Amino acid sequence: MKQSLVWVKVAGLSLLLLLVMIFAISVGSADLSMWESLRLVLSKLPGAGSYMNAADLADTYDKIIWQVRMPRILTSAMVGGALAIVGAAFQGVFRNSLADPHILGVSSGAALGATFAMLTGASVSFLGLGTIGVFAFLGAMVTVFLVYRVAGFGGQISTTNMLLTGTAISTMLSSIISLLMTFNNNQIAKVYMWTMGSFSSATWEKVLFLSVFVVTGAAVMILYSGKLNILMMGEEDAQCLGVDVAKTKTLLIITASLLVAASVSVSGIIGFVGLIIPHCVRMICGSDNRKLMPYAFVIGAIFLVFCDTIARTIAAPTEIPVGIITSIFGAPYFVMLVVTRRRKV
């Protein structure tokens, strides 16, 4: 009964997400109301087009809404949801409230891959991803593989070893990026902008690519949220209660890493979403991952859609990297969280 109530609340949050997305669609250089934007979107949906006629709206508006804003908003929503649910999962698996989606060095691997693509001028595309996206995804996955190999993949998984290995490899990769940028000064601005995150290159192909990972990954983590609750009690207790600790941790970490890799490959590195959203949700609904994960996913989506809307409109026609906006919101909250915890101690 309680779990069914959770999904009722998730449905309510999803409605709020829908309203935020409709607002985001209507905001921009094109002068459209929320109702006109909604009409344009609904007119494209199968079955709704015959009831929702938008022929009176200019073809230019149709292209702006359907080809530019919709892919961007859907991408930002999925990335926000993915980073938030991964943050919640990592904080549970590593039993570390400061864990975030980039803790295993996945983002550094993606950044190195993207930097390599920019500097070499390579040309390749795959599943809707351009050259930078493909190399970023490959760089992220190679990093995950390295962390597992060094930390002892296939044997007893030590979360401490994984954290230390992830930190070491991340530092090494960041140093390599700095070295490459030192020898290629003319590309520093481009690399820097990518590392701050942006959804300006969002396309329907990227939406499709990302949705495969996000839908599957989020479903797996929510299904295993009950076992994660038990795992947080301690590995020995979890083993006594019938949880396959090694399998559960491996599945959650690999799934989360794939989600981060897919997200970073389409958006660049966006900080603080996976760190602050789980904490915000935890303050409201507690630490039960069966509630925390679905709530965090939807609220993370709302947060990043909101931040991206600010990023593309506050200084229009110039666009601010969305990572700057999330940091403006996230850093003060993080400081407040640390201060609050110190006072409690």
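The values are calculated or read from the model by the stated rules, or taken from the named source; none is laboratory data. Predicted model only: the values in this text are computed from it and were never measured. Cβ: placed from backbone, ideal geometry, glycine included. Neighbour counts: every protein chain shown. Heavy atoms of the whole protein, side chains included, go into the accessibility calculation; ligands, DNA and RNA do not. Shrake-Rupley method; radii C 1.70, N 1.55, O 1.52, S 1.80 Å.
Some notes on this structure:
- Among 205-216, 169-180, sorting by the average number of other beta carbon atoms lying within 10 angstrom of each residue, highest first, gives 205-216, 169-180.
- Of all complete DSSP H helices in the chain, those with a Cα span along the helix axis of 27 Å or greater and a mean Kyte-Doolittle hydropathy of -0.5 or more are 2-26, 70-93, 131-151, 159-182, 204-223, 245-267, 289-313, 322-344.
- Taken per residue, the accessible surface of the chain reaches 47 Å², heavy atoms only and a 1.4 Å probe.
- The per residue volume of the convex hull around the alpha-carbon atoms of segment 109-193 is 99 Å³.
- Theoretical ellipticity at 222 nm over the chain - DSSP helices of four or more residues, -39500 (n - 2.57) apiece, nearest 500: -24000 deg cm²/dmol
- Note on the chain: Lys pairs 8 or more places apart or on different chains, Cα atoms under 25 Å apart, count 13.
- Within the accessible area of segment 211-334 (1.4 Å probe), percent carbon and sulfur: 70 percent
- Take 134-142, 17-25, 257-265, 78-86 and order them by the average number of nearby Cβ atoms within 10 Å per residue, most first; the result is 78-86, 257-265, 134-142, 17-25.
- Relative frequency of Cα-Cα separations exceeding 22 Å in segment 187-345, percent: 52 percent
- Sorting 271-281, 322-332 by average packing, meaning the other beta carbons within 10 Å per residue, from highest down gives 271-281, 322-332.
- Restricting the calculation to Cα atoms, segment 148-208 shows an Rg/Rh of 1.16 when the hydrodynamic-style radius is the Kirkwood one.
- Separation between Cα centres of segment 147-207 and segment 95-135, rounded to whole Å: 6 Å
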